[in-house]
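What follows is a single structure, and I will ask about it in a moment.
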Amino acid sequence: RGAGFQCAVPGACFESLREFLGNTIECFASPLNCRFERYFSAFPALERAFGSLGSFFDEWSRIEQGSFEVNPPFVPEVLAFAAAKVGELLGDGAKGALSFLAVVPDWGGGSSAAQALRESPFLRANVTIPAADHVFVDGAQHRVR
């Protein structure tokens with residue numbers, strides 16, 4: 001029905017990213033929620049007019065260098081795709097300097113995007129926020145019930 005979970009990263013976090021990593025590109029954003037000038041979005045045919053670089057699903061292989069914020073919708077298949085593509089990009093020796101800040105859930109219980117990213121040989125840092133210290137909001141709060 002179009003509802004789902006995704007972490008809303010606070011503005012202060014984005015400002016810290018800009019301060020420490022310079023120009024950063026969001027891999028899963030929209031014209032309504034992007035914090036940076038450059039972003040990938042779900043509906044590029046509509047959103048290119050508002051600055052979208054296209055869909056991360058379609059354009060990931062064109063990434064050559066830079067810093068990226070990866071906060072995909074919390075759908076297992078989307079999370080797995082994003083984690084796999086980040087690993088492929090970092091493992092490609094022909095690419096320039098790359099950095100990724102990934103915001104993914106750690107649901108535990110076996111294979112997950114969080115586990116795959118934690119096990120990456122490219123991992124520089126990992127922060128897990130305990131469940132009691134964050135919240136999720138249903139993405140359908142705008143709909144009339």
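Hey, among 127, 86, 75, which residue is hydrophobic (A, V, I, L, M, F, W, C), crowded, with 18+ Cβ neighbours inside 10 Å and modelled with pLDDT of 85 or more?
Working: 127 fails: crowded, with 18+ Cβ neighbours inside 10 Å; 75 fails: crowded, with 18+ Cβ neighbours inside 10 Å.
Criteria check complete, one pass: 86.
Quickly run through region 61-72 and pick out the residues that are open to solvent by 30 Å² or more (accessible area, probe 1.4 Å), closer than 14 Å to residue 38 by Cβ and either of a type outside the set (Lys, Arg) or in contact (Cβ under 8 Å) with a residue 60 or more places away in the chain (or both).
64, 65
A further question follows. Would you mention how many residues in region 86-122 are in a helix (DSSP H, G or I) and out of contact with any helix residue (DSSP H, G or I) (no Cβ under 6 Å at 6 or more places or on another chain)?
Here is the first cut: in region 86-122, the ones in a helix (DSSP H, G or I) are 86-91, 113-118.
Next, from what is left, pick out any that are out of contact with any helix residue (DSSP H, G or I) (no Cβ under 6 Å at 6 or more places or on another chain): 86-91, 114-115, 118.
Selection size over region 86-122: 9.
Moving on. Is there any pair with a first residue in region 8-33 that is assigned to a loop (DSSP other than H, G, I, E, B) and a second that is of a type in the set (Lys, Arg) and at pLDDT 85 or above whose Cβ atoms are under 9 Å apart and which are 6 or more apart or on different chains, and what are they?
If the second residue must be of a type in the set (Lys, Arg) and at pLDDT 85 or above, the pairs left are 9/35; 23/38.
Let me ask another. Out of the residues in region 1-38 that are farther than 19 Å from residue 83 by Cβ and at pLDDT 90 or above, state the one that is most open to solvent (accessible area, probe 1.4 Å).
38
The values are calculated or read from the model by the stated rules, or taken from the named source; none is laboratory data. Since this is a predicted model, take the numbers as computed values, not measurements. Neighbour counts are summed over all protein chains in view; Cβ atoms, including those assigned to glycine, are modelled from backbone coordinates with ideal geometry. The area values use the complete protein model at the heavy-atom level, side chains included, leaving out ligands, DNA and RNA. Shrake-Rupley method; radii C 1.70, N 1.55, O 1.52, S 1.80 Å.
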